[in-house]
Each structure stands twice: as C-alpha cells, then as structure tokens.
1. Label points 7 Å out from Cα along the Cβ direction at residue 196 and residue 52: separation in nm?
2. Need one number: nm distance between label points at residue 13 and residue 250, each 7 Å from Cα along Cα→Cβ, rounded to one decimal.
3. Name all residues of the range 124-163 having a backbone nitrogen under 16 Å from the label point set 7 Å from the Cα of residue 178 along its Cα→Cβ direction, giving them as ranges.
4. Suppose R0 equals 25 Å; then what is the FRET efficiency for residue 35 and residue 262 from their Cβ-Cβ distance, rounded to the nearest 0.05?
5. Among rounded, prolate and oblate, which fits the range 149-208 when a ≥ b ≥ c are the square roots of the eigenvalues of its C-alpha gyration tensor, a/c under 1.5 means rounded, and a/b larger than b/c means prolate?
6. Within 10 Å, count the other beta carbons around each residue, average over each peptide in 258-266, 156-164, and list them highest first.
7. Largest first and in whole Å, give the semi-axes of the chain's equivalent ellipsoid, each being the square root of 5 times a Cα gyration tensor eigenvalue.
8. Considering the alpha-carbon set of the range 1-59 alone, what are its Rg and its Dmax in angstrom?
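Any read-out appearing in this document is the output of simple, stated calculations on the displayed coordinates, not a laboratory observation. Worth saying up front: this structure is predicted, and the values here are computed from it rather than measured. Neighbour counts run over all protein chains shown; Cβ positions are idealised from the backbone, glycine included.
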C-alpha cells in the first residue's frame, strides 16, 4: 500500500493578502518539489472532503462555527486578528483542511493506506475550542484525533506537534482528556507566548531555547516524548507537522535542518510501529520559507513512504 496524500484546490483559494507568509504558494512549492523528487509517484492522491458540522463540533463550539461563517466577506478581506484575515474562500478551505484529516484517519484505520499526509492550508494548531487565531480557523489535527476516537472507537491517540510555535489550540482542546497524549515541541518565548508548564498530565511539553539547534530538540524528544509515548502506547499517532523551525525560516530561530525532521519522523514512526501498526496521519502546519518547507516536508514524507 502507498502513503495517502490528501489535498484540494480550495486550500489554495484562501488568501490573506500580498506578502502574507501563509500563502497559497506554500502548497505549490511542496507539490513541485515532491514531483521533482519522485515522491508523488510513491503516494496515492485523494481529494480532501469538506468536514461536516458534526465532525467539527467534536472539538469546536457551535458558536465558533456560526461566528466564522458570519465573518466571511463577499469580497475582499475581513480581519480575525492582527495576523489572520478571511477572504471569500477561507471557510471552504478551512473545512477542506479539517476534512482531509478526517478522510486520512478513515483511510489509515480502514487499512487502505499505511499512513497519510494532509497537504492543506489554512493550518490548525492555534485554533482553540471557541476561537481561531494565528493563521488558523479549525484545528485540523484535533478534528482528526476526535474522529478516530468517536467514529473508530480508538481508546488512545497521540497528537505529536512539532512547530516553531506552541500548539496552544490543541492544548486547549485536549488538556485533561486521558484518551489523548499531546506531545508538543516549540521555541520558548515566541507566539502565542504561553506558559511552558503542562496544564494537565496528558500534555508533554518540550520548549526549546532560541538558537538551540537540532541537537537540543533530539535530546528533549528522547528525554520527554519517547518515554511518554511508550507508556501511553497509542493506537494511532496524528502529527501536527510544522516546518518553520528550519534554519532558513525567519518565523523562528531554532535552526533545524532537513536531517532533524527526518530523525524526528523516524522516532514517531518507531513508536507507531511498536503500538499502532505503523498508523500515522500527518497534517501540515507551519513552514513559510518555500524551499525549506518543501525540502523539510519531503524529508518527513520520505520516512513515511519508505515505512
């Protein structure tokens, strides 16, 4: 079986203005690089469906869905926060991005793919239960986790978040939920400026100092994530895959390389093979330097393709 690759043209119609870093070109750069490297030939492509209200409301309040729908402009832009804008296609794209995670879970748990990658935007891990923020509207990975629990009856799902920014939305949704283990790595003292103390026993944080490089990440993951994942023994691992910790990406300052993303993916895969039959669903989060994003995501995907 081939790795599933999920995307949709609607995800490129959401725009937030000229020169915004979270731009449609992110997906085009990734796809072009995967084509050049021959990786797309090793994957089965699927069109992302739109997530239903039922699927979204497993992790988001209905009031937030209604509020977002009311804010979509007929033309031009509406502003959600200082960095996050809404255009006429935003809601459609956000539903496709969340729906990709749902469909990916179905494919992997249904035995139609060993693992899956959702090449979607807008990203999701800053979206909390009752609001969006930080380029995010719906929490795509969280929707996928909740779908695995509710529709497939899983008892233990791990959500692994590597991004230069703290996945505060996922933390808001799952803190205290014993069915979910949330492992999060990010740069300290960077947006969203959250406290680095875990809010609940099921949250494992690995905050990293600026300019600490890939070695610090590897040490933190080995010390904190891997023992917690082994004890939890997840039946599925969902990944919030951000590539903005790369040394070429000026959204942060952690200094990672493609080799670091490959190593990190190998550790996640080893745990998935140990307890989850190798089942992984990965959702694109950050990554704004186009070449670095494409190369880093390709390194991540190569591990999944070769599993």
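1. According to this spin-label approximation, the distance is 4.3 nm.
2. Spacing of the two 7 Å Cα→Cβ label points: 3.3 nm.
3. Correct set: 155-157.
4. Rounded to the nearest 0.05, the efficiency is 0.80.
5. prolate
6. So the order, starting with the most tightly packed, is 156-164, 258-266.
7. They are 25, 21, 21 Å, listed largest first.
8. 14.3, 40
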